[in-house]
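Participant: Dropping a structure here in structure tokens format, bear with me for questions.
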Amino acid sequence: MLSTGALRAHLLAARIAGPVATPRETSLRSYRLFAARDPRVLLGLDPDRAWGERDLLRLMADKCGVSDDPGHVSGPDVIDPERTLAALDAFAQCIAGAAERRAPVLFGTGHPHRLLGFYAGLADALSAAGCAVLTPAQGRSVDMTTRFGVRTYYLDYVRGVALVREPGVRVPGSATGAHTHSPLPVRAVLEEAVEARGVLPELVVGDHGWVCGAGQLGIEAIGLADTDDPALFVGEAEGRVSVAVPLDDGVRPDYYRPLTRYVLNRARLSQ
């Protein structure tokens, strides 16, 4: 069993927490855009209250451990590993609850190149525990706005985890999905499930728009978020997201394997 101390050491060594690669400038820019309600950083969330830049900085200091000094404007951002560990424990409790209820679960990621393995390990364990890991809307097209204009992507599943493929990519079963913050994929998945009178998820696990989009629609959602993704933490503060785990979401995929083991151990789902 992976101990808390061992995972803390791994988080720091892999720079998943502690000083992370996300630049302070990038985080502050996201807070400014969120305060202006820019949809690119709202990730499908419609906040109840007005969040100013100072409000967001205080929230992110509380949730992630970043500096709350508005004068700190450059250099690497910092995530407190203790906050990451506490959030992973809460995340594991939600996974354990889903397993106990045998709840239908949907997994989705906008970071398939990095986080697919983390979610796939959880999906395998929940499936073995008797949960339905849902895969509706396979192959459905989704039109999303990008810096190149509106482009059509399509939904695919790899080991039970939803992602979107870039136009022209035809490699089913691979992790060559697009990096996206959009809530449109999860909306398309849920719409398809409703139209087909299929099963709706009781829990959505993922990141970016998958979590905020589901939480905004009233579905329990938990996920991972970097210091430049304030929407998940605002969603948590306002009660739409059950758990947001602060971590760097852009390190090597194998660095997240110990996190999968830790969550499954805590959820009593180790295989």
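Participant: Just to check your reading of the model, which residue among Leu115, Leu155, Leu163, Leu106 is part of a strand (DSSP E or B), of a type outside the set (Val, Ile, Thr), in contact with an Asp or Glu (Cβ under 7 Å, 6 or more places away or on another chain) and surrounded by 21 or more Cβ atoms within 10 Å (Cβ to Cβ)?
Facilitator: Details: Leu115 fails: part of a strand (DSSP E or B); Leu155 fails: in contact with an Asp or Glu (Cβ under 7 Å, 6 or more places away or on another chain); Leu106 fails: in contact with an Asp or Glu (Cβ under 7 Å, 6 or more places away or on another chain).
Checking each option against the conditions leaves just Leu163.
Participant: Quick check on Val150: is it closer than 16 Å to Ile219 by Cβ, among the hydrophobic types (A, V, I, L, M, F, W, C) and either loosely packed, with under 15 Cβ neighbours inside 10 Å or touching a Pro at 6+ places or on another chain (Cβ under 8 Å) (or both)?
Facilitator: Judged against the criteria, Val150 is not a match.
Participant: Something else now. Step by step: first the residues of region 50-97, then only those that are surrounded by 20 or more Cβ atoms within 10 Å (Cβ to Cβ) and of a type in the set (D, E, K, R), then the one that is nearest to Val245 (Cα to Cα). Which residue is that?
Facilitator: Lys63
Participant: On to the next question. Looking at Gly209 and the list (1) over 16 Å from the mean Cα position of the chain (by Cα); (2) among the small types (Gly, Ala, Ser); (3) not in a loop (DSSP other than H, G, I, E, B), which single condition is not satisfied?
Facilitator: Looking at each condition in turn, Gly209 falls short on (1).
Participant: Hey, any hits in region 39-47 for a residue that's assigned to a loop (DSSP other than H, G, I, E, B), farther than 30 Å from Ala128 by Cβ and over 16 Å from the mean Cα position of the chain (by Cα)? Write out each step before concluding.
Facilitator: Here is the first cut: in region 39-47, the ones assigned to a loop (DSSP other than H, G, I, E, B) are 43-47.
Right, trim to farther than 30 Å from Ala128 by Cβ and you get 43-47.
Still in the list and also over 16 Å from the mean Cα position of the chain (by Cα): 46-47.
So far as region 39-47 goes, yes, one or more of its residues are assigned to a loop (DSSP other than H, G, I, E, B), farther than 30 Å from Ala128 by Cβ and over 16 Å from the mean Cα position of the chain (by Cα).
Participant: Quickly run through region 217-228 and pick out the residues that are farther than 21 Å from Ile16 by Cα and part of a loop (DSSP other than H, G, I, E, B).
Facilitator: Our first condition is that a residue be farther than 21 Å from Ile16 by Cα; within region 217-228, this holds for 217-221.
Of everything in region 217-228, those that are farther than 21 Å from Ile16 by Cα and part of a loop (DSSP other than H, G, I, E, B) turn out to be Leu217, Gly218, Ile219.
Participant: From the residues in region 139-155 that are under 12 Å from Pro167 (Cα atoms) and among the charged types (D, E, K, R), which one is farthest from the chain's Cα centre (by Cα)?
Facilitator: Among residues in region 139-155 that are under 12 Å from Pro167 (Cα atoms) and among the charged types (D, E, K, R), the one farthest from the chain's Cα centre (by Cα) is Arg151.
Participant: For residues that are among the charged types (D, E, K, R) and surrounded by fewer than 18 Cβ atoms within 10 Å (Cβ to Cβ), scanning just region 232-271, find the one that is farthest from the chain's Cα centre (by Cα).
Facilitator: Arg268
Participant: Scan region 222-266 residue by residue and report those that are under 13 Å from Ala87 (Cα atoms) and aliphatic (A, V, I, L, M).
Facilitator: Selection gives Ile222, Leu224, Ala225, Leu232, Val241, Val243, Ala244, Val245, Leu247, Leu259, Val263.
Participant: Out of Ala193, Ala231, Ala188, Ala214, report the one residue that is in a helix (DSSP H, G or I) and at pLDDT below 95.
Facilitator: Ala193 is the lone residue from the list that is in a helix (DSSP H, G or I) and at pLDDT below 95.
Participant: Among the residues of region 2-19, count how many are in a loop (DSSP other than H, G, I, E, B), among the small types (Gly, Ala, Ser) and farther than 12 Å from Leu259 by Cβ.
Facilitator: Counting residues in region 2-19 that are in a loop (DSSP other than H, G, I, E, B), among the small types (Gly, Ala, Ser) and farther than 12 Å from Leu259 by Cβ gives 1.
Participant: Hey, can you tell me all the residues within region 37-65 that are over 23 Å from Trp210 (Cβ atoms) and hydrophobic (A, V, I, L, M, F, W, C)?
Facilitator: Ala50, Leu57, Ala61
Participant: Consider only pairs whose beta carbons are under 8 Å apart and that are at least six residues apart or on different chains; among these, list those whose first residue lies in region 41-60 and is among the β-branched types (Val, Ile, Thr) and whose second residue is in a helix (DSSP H, G or I).
Facilitator: Short answer, once both residue conditions are applied: Val41/Ser30; Val41/Leu33; Val41/Phe34; Val41/Pro230; Val41/Ala231.
Participant: Kindly check whether there is at least one residue in region 66-75 that is at pLDDT 95 or above and in a helix (DSSP H, G or I).
Facilitator: No - not one qualifying residue is present in region 66-75.
Participant: While we're on this one: Would region 168-177 turn up any residue that is in contact (Cβ under 8 Å) with a residue 40 or more places away in the chain and not in a loop (DSSP other than H, G, I, E, B)?
Facilitator: Taking region 168-177 as the starting set, the residues that turn out to be in contact (Cβ under 8 Å) with a residue 40 or more places away in the chain are 175-177.
Going one step further and asking which of them are not in a loop (DSSP other than H, G, I, E, B), we end up with 177.
Among the residues of region 168-177, at least one is in contact (Cβ under 8 Å) with a residue 40 or more places away in the chain and not in a loop (DSSP other than H, G, I, E, B), which makes the answer yes.
The values are calculated or read from the model by the stated rules, or taken from the named source; none is laboratory data. Since we're looking at a predicted model, the values are computed, not measured. Glycine also receives a Cβ, built like all others from the backbone with ideal geometry; neighbour counts cover every protein chain displayed.
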